[in-house]
Every structure is written in structure tokens, then in C-alpha cells.
Amino acid sequence: MAKLRERLERIVSEDPRAADLPGGPAGPGEKACLWRPEELFVYECDALTLTPSRPEIVVFPRSTEQVSRIVRECRTDGVPFVPRGAGTGLSGGAHAMPGSVVIELSRMRSILELDPHDRIAVVQPGVVNAELSRAAAPHGLFYAPDPSSQQACTIGGNVAENAGGPHTLKHGTTTNHVLALELVLPDGEVLRLGHRSAMAPGYDLVGVVVGSEGTLGIVTEVTVRLEPLPEGVETLLVIFADVVSACRAVGAIIRSGLVPSALEIVDQRTIAAVEDSVYAAGLPRDAGAVLIAELDGVARALPSQVERVRGLCADAGAQEVRIAEDDSQRALFWRARKGAFGAMGRLAPDLYVHDAVVPRVALPEILAQVCEIGDRYRLKLSNVFHAGDGNLHPNISFDRRDADELERVMAAGREILEVCVAAGGVITGEHGVGNEKREFIHLVFDEADLAAMEKLRDAFNPDGLCNPGKILPTPRACAEANPKTRGYDEVLQG
Ligand SMILES: Cc1cc2nc3c(=O)[nH]c(=O)nc-3n(C[C@H](O)[C@H](O)[C@H](O)COP(=O)(O)OP(=O)(O)OC[C@H]3O[C@@H](n4cnc5c(N)ncnc54)[C@H](O)[C@@H]3O)c2cc1C
């Protein structure tokens, strides 16, 4: 591995074209590779902390050509490699087993083009989600997919996970906003997929790569659609005695034909954690749940829509409706919502953020069952979720050093997923399958479906070296041919 590291270091630090790269040459203190145990500590996991393990090397390329050369070197040595953005993933997608190389894209962070006429941006994969919207704002535009982690997560990670966010309800997920991609294949070849006009003929390979969780190659450039900033925005904070009533209100709003830009529910335990934290926004601590409902569009149309939402919430049992008075109060509500996972760090050392989708009509009943499961397993379970999409996030706060509690966390998690699938839902809405839910993918797809997916993956990634062990188990033939990828399943099984 020392020899491989030296080769990778040279690719990055001795690049004769470094001065001409979009991000320029490496800044002071920016190492090409990390490899000392203490440096690798933060690469043991992403935001799913259940199965930590350390890679051998982390390398920081600064260009597509460097990524391609790094991949070729890894392949020559038969070493698995794992693309990584900001490491905020919640399903272990960027998890790297011992003996592997992490290729971190965070230094490819330039916005290469922002075209207000065609409303598109061309960005490197390490651009942070929120930075793109900040850069587009002076042109009256924004990038719509807004994961709650948007101050940290990267566009490359968003593409790989097909990330969603509170405003997915109206604007769609990442896949609806990606027009074209540059992809370094696991053999080092560079492909350009899709077209900035959104009219690419042939197979929709952009659609295949979005959501592929880094198993088909490494995304090195992304062309995205930008949206015009809405003329008007209204944000309501609706207070309910319990989370089930809030879910009923969401069902009624959707049935009414209104198209809010966001419908988010925060339950009582989450409110308490948020109000005790730096994200405090004056949420009512005695509420059973709050619904954040946002409407946007033509300013003149909004007052009547606000009244309709207010009426529908009252019918569902709302106790009070507060309306954000200005942009700074609106920002406060969203800061509280988007900071909720972080605030839960106050409740316990570990947080298991679940992610499942159910038909919206089933929300009240499923939420009641999820809470019952949490109680039955004696767990600290809270809910903060994209209710308008039926996308649940039951969050379990726990301490993984307590073996008995950890066992209950895992058993409850399985039951929650089973209940959601039985109601006609799926095992993930936006966080991906990663290594976390590989064993649950059978709940949604049968053998023939999975075999087709395996064939697709093998066409891009035939020897399984690119992000092994994610989404689907490593194919047996690859594992036999390459003991280094076989090791992955053993690591996961502990
Ligand atoms: C507090 C918090 C809130 C969150 N809220 C949301 C939310 O509202 N909506 C949502 O969808 N997610 C959410 N997430 C999950 C996470 O932020 C997203 O999945 C995000 O898209 C991951 O981006 P990242 O840059 O951190 O990627 P990483 O975690 O580094 O990687 C994620 C996956 O992408 C792959 N990958 C990364 N970069 C590339 C690349 N350039 N080419 C190919 N593959 C690549 C990795 O191999 C891995 O499989 C949240 C996470 C946290 C911690």
C-alpha cells in the first residue's frame, strides 16, 4: 500500500497542469493524501456510525484527469476505491473497508459556469449544495434540491444519493434537476452523459447514474437546472396536540389540490431538542407536533392559499397558526427544521436516522405504529420528516456502547421498515441503501429485479472494485476473483 500511496501522491502533487486547474494548485497545508491512523479517524464512517472501519488511504484529486489516473492505479493493484463527498450520507454509502482507498472530491469545488439565460450551472462534484444557490441568487435563480444537510453536503454526493429535501414536494428530487454528467468509469475511462439542452437522445444514462450511490463510477462534473426564485413566499407554523393530527392535515392539504412547496412535521421530542440547542426558534415546547407549511409562487395568489391551508389545518385540529412575518423569521423556522438532526446530539451519543416512504394516505396510521414500536422497544424515538412526500424519518437516539440497547435499536428499525413496506411503501426515500439496507432491499424487489440491477452494475463496474458492498451484495463471481472485495461482507457481518 505504501507504493500505491506514493503513486497517488505524485498524481496529485506533481501535476504539471495544477496551476491551470479551475481550483488552482493545492493551498498551504492541503495534503494530497492522508494515511496516518489519526488522520483517518474521521473517515471511519459517514453520518451512519454503526459499522466504523478505516480505509488505508484518502486521496484528494483536483481534476477529472487526476481521478481517472487514481482509479487506474487502484485497479492495477486490485484495490477497492470509494468516492466520497462531505461524508454526510446516512446509509454508509461512503463507508470504506480496511485495505481500500477513499477518493474524496471535496477539492473539486469550482462552479465552472452559471448561465442565467439557459438557467443552468456546470459544477464540479465537491461544490457544497447551499453555495450553488447562494451563487445563483444574484441572477434571481436557485438550485431547488435542498437537503437539510445542504450547508455541508456536496452536489456529487447529492447526485449519487438522488438527494431530496423539504422542497422536493413541489420541485422534485435531484434526478429532476440534473441534465448532464461527466463520469469516470471504474476502469478510468471518462464519459460524458446527457446534454445541457435536456434533450439527449438514446438511453437515459444520467438517470441511471443519479442514485447509483457511487457504484457505477465517479462523477466529476454536473450540469444542473436552476429555477427562478419565486415572487412570493409564505411560511406557516401550525401547532397540533399530536403528530397524528398533523399528518391528517397534510393529507387534507394534498387532497385539496394545493401544491405547497414544503410540508414538514416536527414532533414534540424533536421540538424539545431543537429548543435546547443553538437552533432554537421559539417553537412551542408543549405542542405535540408542528407542521411547517410553505407556499410559493405569484405573490397575489398566496393570501387565498394561506387561508385555505389555515382552514384545512383547523379542520384537522390545529391549535394555532403562526405566519412568518418576514424572511428572517422564515429563516429561523427553517434553521430549526434543518438543524433538528444536529440538535438531537443533545439526547444521546448516537443517532440512527431512519428513512422510509409510505403512501401519504397511510401516514397517520403508520406514524402511530412507528411510535408504538419505539415505545415497545423502550427507545427514545422522535420524528422529523418530509410529510408532504410521505417520507418518514423516525430517529432513534441511543448509545451504541450499550449492547442491549443497540440490539433493540436494530430490531425496532427492521420492524419500522417492514411496517412501511407492508403499507405499500419503500425502504428509503432519499438517504439511499448504502451498506445499511442491503439486506432489506429484498423487501421491495424480487430476485429478477435484483438480477437486472446486478447486470447493470456489472456493465459499469465489472470487477466490483468501485464502492463494493453498497446497494446490492458484491456478486459472488467478483468476490471469488478478488478477495479484497470479498472481505467487505465479512467486515459488515462484524
Ligand atoms: C443532518 C443531516 C440532514 C440530512 N438531510 C437530508 C435531506 O433532507 N435529504 C437528503 O436527501 N439527504 C439528507 N441527508 C443525507 C446526506 O446529506 C445526503 O445523502 C447527501 O446527498 C450526501 O452528500 P455528501 O456530499 O455528504 O456525500 P457522501 O456522504 O460523502 O457520499 C454519499 C454517497 O455518494 C457517493 N459519492 C459521493 N461523491 C460522489 C461522486 N462525486 N461520484 C460518485 N459517487 C459519489 C459516495 O460513495 C456515497 O455512496 C442528511 C444528512 C445529515 C447528516
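See the values below:
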{"item": "P(r) histogram, all alpha-carbon pairs of the chain included - 10 Å bins from 0, percent", "result": "4, 19, 29, 26, 16, 5, 0"}
{"item": "Close Lys-Lys pairs in the chain, where close means Cα under 30 Å and separation is 8 or more or interchain", "result": "19"}
{"item": "Gain upon complete extension [Q151, R310; 0.36 nm per residue less C-alpha separation]", "result": "54.1 nm"}
{"item": "Antiparallel DSSP beta bridges within region 1-229, as percent of all bridges there, nearest 5", "result": "75 percent"}
{"item": "Region 313-391 versus region 410-474: alpha-carbon centroid distance in Å", "result": "25 Å"}
{"item": "Summed side-chain charge close to L450 - residues other than L450 whose Cβ falls under 11 Å, Lys, Arg +1, Asp, Glu -1", "result": "-1"}
{"item": "Gap separating the Cα centres of region 30-58 and region 229-308, nearest whole Å", "result": "39 Å"}
{"item": "Distance (nanometres) between label positions extended 7 Å along Cα→Cβ at A368 and E447", "result": "3.9 nm"}
{"item": "Percent of beta bridges antiparallel (DSSP, region 11-116, rounded to nearest 5)", "result": "20 percent"}
{"item": "Along principal axes, Cα extents of region 205-299, largest first, whole Å", "result": "48, 34, 26"}
{"item": "Stretch gain in nm, segment D399-D326, where the contour uses 0.36 nm per residue and the Cα spacing is subtracted", "result": "22.3 nm"}
{"item": "Percent antiparallel among DSSP beta bridges (both partners in the chain, rounded to 5)", "result": "90 percent"}
{"item": "Cut-off under 5 Å, modelled amide H: who pairs with F142 long-range", "result": "E227, L229"}
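Just so you know, all these numbers are worked out from the coordinates, no wet-lab data involved. Here the structure is a predicted model, which means the values were calculated and not measured. So basically every Cβ, Gly included, is an ideal-geometry build from the backbone, and we count neighbours across all protein chains shown.
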